[in-house]
1. Express in nm, to one decimal, how much length is gained between Arg13 and Glu81 on full extension, taking 0.36 nm for each residue of separation and deducting their alpha carbon distance.
2. From the backbone phi of the range 95-106, what are the Karplus-calculated ³J(HN,Hα) couplings (6.51 cos²θ - 1.76 cosθ + 1.60, θ = phi - 60°) in whole Hz, Gly and Pro given as x?
3. Just want the answer: with Cβ charges of +1 for Lys and Arg and -1 for Asp and Glu, which residue in Pro172, Tyr40, His125 is farthest toward the dipole's positive end in the chain?
4. Beyond 19 Å, how much of the Cα-Cα pair distribution for the range 12-65 remains, as a whole percent?
5. Please report Rg over Rh for the chain, where both radii come from the alpha carbon positions and Rh follows the Kirkwood definition.
6. Restricting things to Cα coordinates, could you compute the convex hull volume per residue of the range 1-97 in Å³?
7. Can you tell me the convex hull volume per residue for the range 47-113, based on C-alpha atoms, in Å³ to the nearest whole number?
8. Given a Förster distance of 22 Å, report the FRET efficiency between Glu126 and Arg72 from their Cβ-Cβ distance, rounded to the nearest 0.05.
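Coordinate-derived values only; no laboratory data. Only a predicted model underlies this, so the values are computations on that prediction, with no experimental measurement involved. Heads up, the Cβs are rebuilt from the backbone with ideal geometry, glycines too, and the neighbour counts pull from every protein chain shown.
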Amino acid sequence: MAMHPILKFPDPRLKQIAQPIAAISDELRTLAQEMLAIMYDEPGIGLAAPQIGKSIRLAVVDTDWSDEDKARNPIVLVNPEIILREGGITWEEGCLSVPDFTADVKRSARVRVRCLDLDGNEVIHEAEGLRAVCFQHEIDHLDGILFIDRISRLKRGIYTKKRTKQIKRETPSDETGPDFTHGATR
Ligand code: NI
């Protein structure tokens, strides 16, 4: 299996708007399987293609499996679109691309998502609660938006400082420091 390291904030590729997928190919099916494997391995409940450096509108989600008794229920979203939103919900979110941080984020409580599956069929997913949150979080990734873009500037600033220190510890040379000019502005 190909290795796909997960990009971490403030990698500028996480801010790009991903391209629609024009055709379902075997290559795409393989990528989706690799993304599911990465997600289960991390572990996480969702992963979007831009998080592994693929700027295409593909995401995988499974909000069931983290309960030990429940079976895996992988959902692959190709070109997903939110076509209906209802209500509001606040959920404490985290992200594989935003290390060591969680924060409350306000989202729609219920969403209807239209997408294609890996056979190219149109599928409608109705979701509420955690799954609705996860769909919105992953679709945000396709639009270059991280959950920290949806919290207060103050909280984001605190995290950005903490992350800068963390990166400095990881990379001893100051010459190769991260560029925060994209990450901190939205
Ligand atoms: Ni995420």
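1. The Arg13-Glu81 span can extend by a further 22.4 nm.
2. 7, 4, 8, 10, x, 6, 8, 9, 7, 5, 10, 8
3. Value: Pro172.
4. Of all Cα-Cα distances in the range 12-65, 27 percent exceed 19 Å.
5. Details: Rg = 16.5 Å, Rh = 17.1 Å.
That ratio is 0.96, to two decimals.
6. Values: hull volume 13.0 nm³, N = 97.
Given the Cα convex hull of the range 1-97, per-residue volume reads 134 Å³.
7. On the way: hull volume 7.8 nm³, N = 67.
Spelled out: Cα convex hull of the range 47-113, divided by residues, is 116 Å³.
8. On the way: r = 20 Å, r/R0 = 0.91.
Efficiency at R0 = 22 Å is approximately 0.65.
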